[in-house]
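The values are calculated or read from the model by the stated rules, or taken from the named source; none is laboratory data. Treat the numbers as computed from the prediction; the structure is a model and nothing was measured. Because the Cβ atoms are built from the backbone with ideal geometry, glycine has one as well, and the counts that use them run over all protein chains shown. To get the accessible areas, we keep the full protein, side chains included, count just its heavy atoms, and leave off ligands, DNA and RNA. Shrake-Rupley method; radii C 1.70, N 1.55, O 1.52, S 1.80 Å.
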Amino acid sequence: MAEFSVGELRAQHTRIRNVPIAVTPEGFWCCPSPAALQKSLKNQAPQNKPHKVSPPNSKASSVQRAPTISSEKRTISNPNTENPNSSSNPSKVAEKPQQKHKISVGFGQPETSDFKVVLRGKDGIIVKMSVHRNVLLENSTYFSEKLCENSPISSTEIPDCDDVEIYVETVGLMYCKDVKHRLVKQSVPHVLRILKVAEFLGFRSCVVSCLDYLEAVPWVGDEEENVVSYLRHLQIDTKDRYGISPLLRRVSSNMQNDAPNNTLVQIIELVLKSSENRARREMKSVVSKLLKENSTSTNGSTDICIETLYKSCQVCLDSLLDLFRQASEPEFRNQTAEVRDKTNRGIALEADNLLWLLEILCDRHVGDDFVTKWAGQDELAGHHAKLPIMSRHLVSCVTARIFVGIGKGEVLPTKETRQQLIHVWLQPLIDDYNWLQHACRPFDRKVVEEGIGRTILTLPLEEQQTILLTWMGRFLKAGDACPNLQRAFEVWWRRTFIRPYVEQEGNRN
């Protein structure tokens, strides 16, 4: 930052203020922001005489002399107004006029300037720019029209400017040979501000340079939405005469309608087939989060991934059943340790895949068909008891997650499906329960038991009795190695022994 002395005139007494002014690489002065100007005028102490600091020499051949800048804040005094302390007119008090900050900016060679552009900002800043007609005519259709319509004129005014300093900088860019080079170190929001002003002024080379910059630079965070929103607005207003469509290819695609679905199939397939645990775990989390965002943004109206998810579920189920068949054969024990380990890893992988897919379906409340498919896996459940518990226990995690989903209302299977689910999978889950508590870190015993109990309580009372009495016999023998369904048992008890009596008493009354 350089400092330039400006004067404040008030009642014929001069006070000198220092206003911070930024020098651009091209050699012209950039108008200070209104906040910086007002802060400087308020905080800096008065001085007895002006103090000037020469700007650094510019290396740009297009600028031969640094512009001159002055800032004035005037108070108009009326000679006919008497001193407010005078006794002859005690009721009259001089009104203080509205203060405005005036700034003068010169470009190129100020002594050859032949035109004035006045910018009036909404915040009280007034900037008078000394410019050259030939530069404006060459670079700006806006100024060209003004000069042609009202020729000869010596000045023009742009009222109600929202971004005065950007107007000054944009006009300064008309004096630059390489506008794109001037934008290299700027931020995306700043270039976007320049683009808006350049488009208003019809400064085509600057607009093209800004678009080239935006095409090359990354858009980070909220920048993307701001850039895309304005570019689409500009594309419509200009009928895409600047060729904005290729720039928007960064956020939109010309692929066919089924391409996103095909891409999703590929992404899910890559995750499901990964065998690197850490990377797989991280990408599962990322894909789940993005699918959730996709579901939220579409409000459930169009969900391209449901069919894809169910196809993947079927592939995993078929693979899991095939692995169970291999592992349950008598000859499997005679296989080499390498073959057995490969099969066991495959079972664990497919069970984890099913658990992940089920989690996504439950989160979207579209898992009813999965429960139906799982409840119908009689063969898979039949092979379950033939495998070692350390190989099969992850399959029971799928069953436990289904019970949790039913208990929370995330899935709504039919009564027949619930009956079949308990008939086929409750006993295998109980058999693996002790192992699940100690071998599965994310296993939440209380949540699972709540889900099992609530699922049982959705069945007819007679079936509740059969299931809970069977459970009670097992629980009394195994203790903590068996799910604790005490709360469900209490509800069944009240329904069986207390409710009939209460209803009978109510009918009597």
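What the table shows:
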| read-out | value |
| --- | --- |
| When residues of region 146-166 are limited to those that are closer than 12 Å to residue 131 by Cβ and hydroxyl-bearing (Ser, Thr, Tyr), the one surrounded by the fewest Cβ atoms within 10 Å (Cβ to Cβ) | 154 |
| Some residue of region 346-358 being more than 19 Å from residue 444 (Cβ to Cβ), of a type in the set (Asp, Glu) and in contact with a Pro (Cβ under 7 Å, 6 or more places away or on another chain) | no |
| Top-ranked residue of region 215-226 - restricted to ones that are in a helix (DSSP H, G or I) and in contact with a helix residue (DSSP H, G or I) (Cβ under 6 Å, 6 or more places away or on another chain), ranked as surrounded by the most Cβ atoms within 10 Å (Cβ to Cβ) | 223 |
| Failed item in (1) in a helix (DSSP H, G or I); (2) under 25 Å from residue 229 (Cα atoms), with residue 160 passing the rest | (1) |
| Flag if residue 489 is aromatic (Phe, Trp, Tyr), without any contact (Cβ under 8 Å) to a residue 60 or more places away in the chain and open to solvent by less than 60 Å² (accessible area, probe 1.4 Å) | yes |
| Selection from region 322-352 of residues that are exposed (fewer than 15 other Cβ atoms within 10 Å of the Cβ) and not charged (D, E, K, R) | 330, 334, 336, 337, 339 |
| Residue count for region 425-434, restricted to those that are open to solvent by 20 Å² or more (accessible area, probe 1.4 Å) and either of a type in the set (Phe, Trp, Tyr) or more than 18 Å from residue 378 (Cα to Cα) (or both) | 1 |
| Lone unmet requirement of (1) outside any helix (DSSP H, G or I); (2) closer than 24 Å to residue 157 by Cα for residue 177 | (2) |
| Residue 483 open to solvent by less than 50 Å² (accessible area, probe 1.4 Å) and part of a loop (DSSP other than H, G, I, E, B) | yes |
| Top-ranked residue in region 383-424 [being under 41 Å from the mean Cα position of the chain (by Cα), hydroxyl-bearing (Ser, Thr, Tyr) and part of a helix (DSSP H, G or I); ranked as surrounded by the fewest Cβ atoms within 10 Å (Cβ to Cβ)] | 417 |
| Selection count, region 425-449, where residues are more than 16 Å from residue 485 (Cα to Cα) and part of a loop (DSSP other than H, G, I, E, B) | 4 |
